[in-house]
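The values are calculated or read from the model by the stated rules, or taken from the named source; none is laboratory data. Just so you know, these numbers come straight off a predicted model, no measurement behind them. A quick note on method: Cβ atoms are made from the backbone with ideal geometry, for glycine too, and the neighbour counts reach across all protein chains shown. Accessible surface is based on the protein model in full, side chains and every heavy atom, while ligands, DNA and RNA are left aside. Shrake-Rupley method; radii C 1.70, N 1.55, O 1.52, S 1.80 Å.
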Amino acid sequence: MEQTAHSLSKVPDARGRFGPFGGRYVPETLIAALDQLWAEYQRATQDPTFHAELEHLYRHYVGRPSPLYYAERLSEFCGGARIYLKREDLNHTGAHKINNSLGQALLTVRMGKRRVIAETGAGQHGVATATACARFGLECVIYMGEEDMRRQRPNVFNMRLLGAQVVPVTSGSRTLRDAINEALRDWMSSVETTHYCLGSVTGPHPFPQIVRDFQSVIGKETRSQCLEQFGRLPDWIVACVGGGSNSAGMFYPFIDDDVKLLGVEAGGRSSRLGDHASTLCYGRPGILHGTYSYVLQDEDGQTADVHSISAGLDYPGVGPEHSYWKETGRVTYTNVSDRQALEAFQTLARLEGILPALESAHALAKAMELAPTLGRDQVIVVCLSGRGDKDTQEVARLLGHDFA
């Protein structure tokens with residue numbers, strides 16, 4: 001596929017297509033709701049009061065702009081390039097997910113709906129959506145796989161404290177993929193009164209664009225902070241990729257610039273199917289959860305089981321715009337293993353006093369590998385998409401400690 005760099009920021013088209021990817025592959029019952037959401041989003045983007053309210057919430061409720069932090073001791077430890085961290089972990093609720101949940105909560109109110117459903121893997125999107133619903137007085141139901149509920153018990157408790165109903169999903173691998181299936185089933189039976197607050201740049205049009213646009217605040221801030229702090233754009237930007245929301249929000253404002261972009265997937269235990277969640281590294285195009293994108297599939301074309309120590313990356317699909325960026329060559333995608341992510345988690349804690357989310361630790365591990373290959377004049381920015389408090393119990397188990 002040949003595209004000019006300029007055209008890369010001009011997607012999706014009117015049908016929600018990123019090149020061949022994206023679109024809508026959903027039952028007829030959802031088409032009216034997707035049309036309503038798209039129409040409301042277009043009206044909102046033309047409405048100065050919508051932007052003013054969202055910016056007010058970002059500044060005074062979330063705590064934006066999040067800092068761009070020079071990790072001096074980590075940079076000295078690695079050698080080579082200087083490493084900066086975009087601190088989305090310092091947002092209210094502890095991750096980038098709140099950027100999107102607040103935006104979609106505002107759209108829910110504008111559409112006159114009072115009930116919100118969502119899915120969650122690592123729990124951060126669930127907590128962010130429960131938080132946004134509490135802020136606006138909306139009923140909230142969160143679908144979550146039983147295995148993820150085990151790994152993320154603090155977030156399950158937090159969602160319930162915030163007034164949300166957390167529904168355990170016991171089908172399939174009991175992880176994010178199955179939670180999305182259940183959320184879609186709920187939406188099909190309640191679509192007239194319910195908004196589905198999808199948490200990543202996945203799903204049918206217009207979700208991939210809406211979530212990307214709300215998350216683009218990350219990249220826009222990073223851009224201006226780089227110019228302010230060291231007078232130019234960074235050489236590399238590194239972000240983890242599961243469904244791909246933090247990386248899409250980070251990459252998109254740089255997509256037409258001369259900046260190298262690196263997406264890092266979960267390499268898990270090995271490259272064998274079922275041992276990882278590296279959709280762009282090992283998958284192929286297919287349809288999952290209403291969109292055409294890269295999907296991990298077995299030899300019969302069935303969606304494959306996946307594995308990662310990170311619940312937020314434990315997903316066999318990816319946003320269609322990432323598939324577009326992969327095929328145009330604009331973004332490079334790679335992976336790191338569970339072991340590398342766990343080592344990066346501990347290294348950042350020890351050297352900088354920061355506990356990163358296990359998702360973010362994947363991006364960090366690759367940045368630590370990349371830095372020594374570059375000169376001191378080079379700059380790497382890592383999107384630290386969330387904080388690791390939610391993961392300490394699972395990390396303790398993996399390291400053989402008794403957390404009880």
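Worth pointing out:
- Among the conditions (1) among the aliphatic types (A, V, I, L, M); (2) in contact with a Ser or Thr (Cβ under 9 Å, 6 or more places away or on another chain); (3) over 24 Å from G22 (Cα atoms), the only one that L227 does not satisfy is (2).
- F251 more than 21 Å from L107 (Cα to Cα) and aromatic (F, W, Y): yes
- Looking across region 270-285, the residues that are out of contact with any His (no Cβ under 6 Å at 6 or more places or on another chain) and open to solvent by 10 Å² or more (accessible area, probe 1.4 Å) come down to S270, S271, R272, L273, G274, C281, Y282, G283, R284, P285.
- Residues being surrounded by fewer than 24 Cβ atoms within 10 Å (Cβ to Cβ) and among the hydrophobic types (A, V, I, L, M, F, W, C) - total across region 124-148: 4
- Considering residues of region 60-98 that are among the charged types (D, E, K, R) and touching a residue at least 40 places away in the same chain (Cβ under 8 Å) only, the residue surrounded by the fewest Cβ atoms within 10 Å (Cβ to Cβ): R73
- Candidates S337, S323 - the one that is among the polar types (S, T, N, Q) and open to solvent by less than 10 Å² (accessible area, probe 1.4 Å): S323
- Residues (of a type in the set (F, W, Y) and either crowded, with 18+ Cβ neighbours inside 10 Å or touching an Asp or Glu at 6+ places or on another chain (Cβ under 8 Å) (or both)) located in region 26-46: Y41
- Taken over region 352-392, the criterion of being out of contact with any strand residue (DSSP E or B) (no Cβ under 8 Å at 6 or more places or on another chain) and either not assigned by the TED database to the domain that holds L262 or not in a helix (DSSP H, G or I) (or both) is satisfied by G353, G375, D377.
- Residue in region 170-177 that is buried (at least 24 other Cβ atoms within 10 Å of the Cβ), over 28 Å from M111 (Cα atoms) and among the hydroxyl-bearing types (S, T, Y) present: yes
- Scanning region 323-341 for residues that are within 14 Å of A363 (Cβ to Cβ) and not β-branched (V, I, T) turns up Y333, N335, S337, Q340, A341.
- Count - residues of region 99-123 that are open to solvent by 20 Å² or more (accessible area, probe 1.4 Å) and in contact (Cβ under 8 Å) with a residue 24 or more places away in the chain: 5
- Residue in region 51-59 that is open to solvent by less than 20 Å² (accessible area, probe 1.4 Å), without any contact (Cβ under 8 Å) to a residue 40 or more places away in the chain and not assigned by the TED database to the domain that holds I287 present: no
- Residue in region 296-311 that is farther than 16 Å from F21 by Cα, modelled with pLDDT under 95, part of a helix (DSSP H, G or I) and among the hydrophobic types (A, V, I, L, M, F, W, C) present: yes
- Search result, residues across region 214-224 that are charged (D, E, K, R) and touching a helix residue (DSSP H, G or I) at 6+ places or on another chain (Cβ under 8 Å): K220, R223
- In region 200-241, the residues that are small (G, A, S) and open to solvent by 10 Å² or more (accessible area, probe 1.4 Å): S200, S224, G231
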